[in-house]
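Take a look at the structure below.
The values are calculated or read from the model by the stated rules, or taken from the named source; none is laboratory data. What you are looking at is a predicted structure, and each value in this text was computed from that prediction instead of being measured. Cβ coordinates were reconstructed from backbone atoms using ideal geometry, including for glycine residues, and neighbour counts include every protein chain displayed.
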There are 2 protein chains.
Amino acid sequence: MTDLQDLAARIRYVLVRSSHPGNIGSAARAIRTMGFGRLELVAPHRFPDPEASALAAGADDVLAQAGIHADLVDGLAGSSLALGLSARRRGVNLPEISPREAAQQALAAAARGEQVALVFGNERTGLENDELARCHAMVRIPSVEDFSSLNLSQAVQVMAYELRVAMLGDDAPLSAPVREDPPADAAQMEQFYRHLAQTLDEIEFHKGREPTTIMLRLRKLFQRAQPDERELRVLHGILADAQRMARLASGK
Amino acid sequence: MTDLQDLAARIRYVLVRSSHPGNIGSAARAIRTMGFGRLELVAPHRFPDPEASALAAGADDVLAQAGIHADLVDGLAGSSLALGLSARRRGVNLPEISPREAAQQALAAAARGEQVALVFGNERTGLENDELARCHAMVRIPSVEDFSSLNLSQAVQVMAYELRVAMLGDDAPLSAPVREDPPADAAQMEQFYRHLAQTLDEIEFHKGREPTTIMLRLRKLFQRAQPDERELRVLHGILADAQRMARLASGK
């Protein structure tokens, strides 16, 4: 039982820009029924709110402990695997996985001691592309095409349910592929992307082009790779030397 | 696709003595997202109701076609398999099955042309024993013991989701990661590693250390990322600019 609780404690549900406090309350109840307790709210439109508390239906502890964050990077702090829920196929170069596969991946990471985030977008607009760019895969609940949008808390319930079933199952946690070192967390990745962006500027990579597209493309590439801390140190080292050369070249 | 619709048409969701019209609306939306449309209401406390329509969020067809019945026997008319949802173990001599098993049984019956009912009790009291006695098995969603009660529409969503996944077969159609472009081939990767090694030399990254270990580490990282050709072009471009800076710096 303690094992399950340890695993559950490493899995957080991140609600991004939720419009309706009732949905936050329903989501709290949904994860609580499945043995989870970590809710992270990124820029909620209204919270705390009596409607959230009413619909939590007793999962008040989950609401009371919910983290509130200004942006998704904060909400992902410490996590090494972020899985973003999306109803639609997007022009985003991310692997698309089912809730069941997502549960397996999340559980495997949690079993290795990593922190995992399930990320749910705004009720109407879902996750923006720059939010999905912070995720390692896109989870699609297999809804029908002509009526594809689940209520937010229903999507949370489906994921929490799949995770619960996977955790109770006997095959998942032990089959996790072993990595020498855990992947770097979200804050370390952001720091790397900042260093990378700065270096591209200094080596005059953009040549007048808009950097945004290139940075998104590079983010996707490195999100797929999930570098560990040691690998990040190597990459930082390479960037630092490229910067050094650029500064020498420009006579600074 | 027509096959799926035929199967879905043989599966009904029966809500017994529902107290909150909002839950009826949410349940309509939940089954609609998963490709179902048959809702049967047994002695609903309030229906039709504006709250039901609001929460159906566009699944008005499901509400409009919902049958209204005085008792469960009516609601089950024509069905040969009835599966009753229950959060608690009861003193009822019924097989207890998981939502996944229930979906398999329901689908097998529907595939034989039979009519199947999923039966959900009142929000507070669940299914009464005389209602469970009309069911062939009891479905228990594996909630935690100290907080076992899912919201009614959440329970409907979980069952509808399991049925949808079962109808789609193994989740194969979604499991292939969707990539815009295939990964670069081995020769292209080798060319990239040569360019990378050469650049590391030129920006004086190694500082007397043996390059082999670093190159192996970088290979592992980029093998995991599996860059496509476009991404490789970006990486080559970055390396070329770093080289240009190094050459300017050394006055070549």
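Across segment B:113-137, what is the number of residues that are of a type in the set (Asp, Glu) and in a loop (DSSP other than H, G, I, E, B)? Selection size over segment B:113-137: 3. Taken over segment B:212-226, residues that are touching a residue at least 24 places away in the same chain (Cβ under 8 Å), within 8 Å of chain A (Cβ to nearest Cβ) and out of contact with any strand residue (DSSP E or B) (no Cβ under 7 Å at 6 or more places or on another chain) amount to 2.
Would you pick out the residues in segment B:208-249 that are assigned to a loop (DSSP other than H, G, I, E, B), among the polar types (S, T, N, Q) and either at pLDDT 90 or above or surrounded by 19 or more Cβ atoms within 10 Å (Cβ to Cβ) (or both)?
Scanning segment B:208-249 gives no hits.
For segment A:16-63, which residues satisfy the criterion of being without any contact (Cβ under 8 Å) to a residue 40 or more places away in the chain, within 13 Å of another protein chain (Cβ to nearest Cβ) and assigned to a loop (DSSP other than H, G, I, E, B)? Hits for segment A:16-63 are A:37, A:57, A:58, A:59.
Considered as a group, the residues in segment A:138-159 that are part of a loop (DSSP other than H, G, I, E, B) and aliphatic (A, V, I, L, M) include one that is farthest from residue B:32 (Cα to Cα), and that residue is A:141.
Please go through segment B:88-108 and pick out each residue that is in contact (Cβ under 8 Å) with a residue 40 or more places away in the chain and over 21 Å from the mean Cα position of the chain (by Cα).
Taking segment B:88-108 first, the residues in contact (Cβ under 8 Å) with a residue 40 or more places away in the chain are B:88-90, B:92, B:94-100, B:102-104, B:106-107.
Correct list: B:88, B:89, B:90, B:92, B:94, B:95, B:96.
Any idea which of A:15, A:55 is buried (at least 22 other Cβ atoms within 10 Å of the Cβ), out of contact with any strand residue (DSSP E or B) (no Cβ under 7 Å at 6 or more places or on another chain) and under 24 Å from residue B:26 (Cβ atoms)?
Step by step, each of A:15, A:55 is checked, and only A:55 is buried (at least 22 other Cβ atoms within 10 Å of the Cβ), out of contact with any strand residue (DSSP E or B) (no Cβ under 7 Å at 6 or more places or on another chain) and under 24 Å from residue B:26 (Cβ atoms).
Just to be sure, is residue A:209 more than 9 Å from chain B (Cβ to nearest Cβ), of a type in the set (Lys, Arg), closer than 18 Å to residue B:219 by Cα and without any contact (Cβ under 8 Å) to a residue 24 or more places away in the chain?
Taking the combined requirement at face value, the residue does not satisfy it.
Being in a loop (DSSP other than H, G, I, E, B) and more than 9 Å from every other protein chain (Cβ to nearest Cβ), is that true of even one residue in segment A:191-198? For segment A:191-198, residues in a loop (DSSP other than H, G, I, E, B) and more than 9 Å from every other protein chain (Cβ to nearest Cβ): absent.
Criterion first (under 23 Å from the mean Cα position of the chain (by Cα), small (Gly, Ala, Ser) and away from every other protein chain (no Cβ under 13 Å)) does residue B:9 satisfy it?
Yes, satisfied.
Scanning segment A:166-181 for any residue that is at pLDDT below 95, more than 9 Å from chain B (Cβ to nearest Cβ) and in contact with a strand residue (DSSP E or B) (Cβ under 6 Å, 6 or more places away or on another chain) turns up at least one such residue.
If you go through segment B:105-139 and keep only what is surrounded by fewer than 17 Cβ atoms within 10 Å (Cβ to Cβ) and either within 14 Å of chain A (Cβ to nearest Cβ) or modelled with pLDDT of 95 or more (or both), you end up with just B:124. Summed over segment B:25-55, the residues that are closer than 20 Å to residue B:162 by Cα, touching a Lys or Arg at 6+ places or on another chain (Cβ under 7 Å) and not basic (Lys, Arg) give a count of 3.
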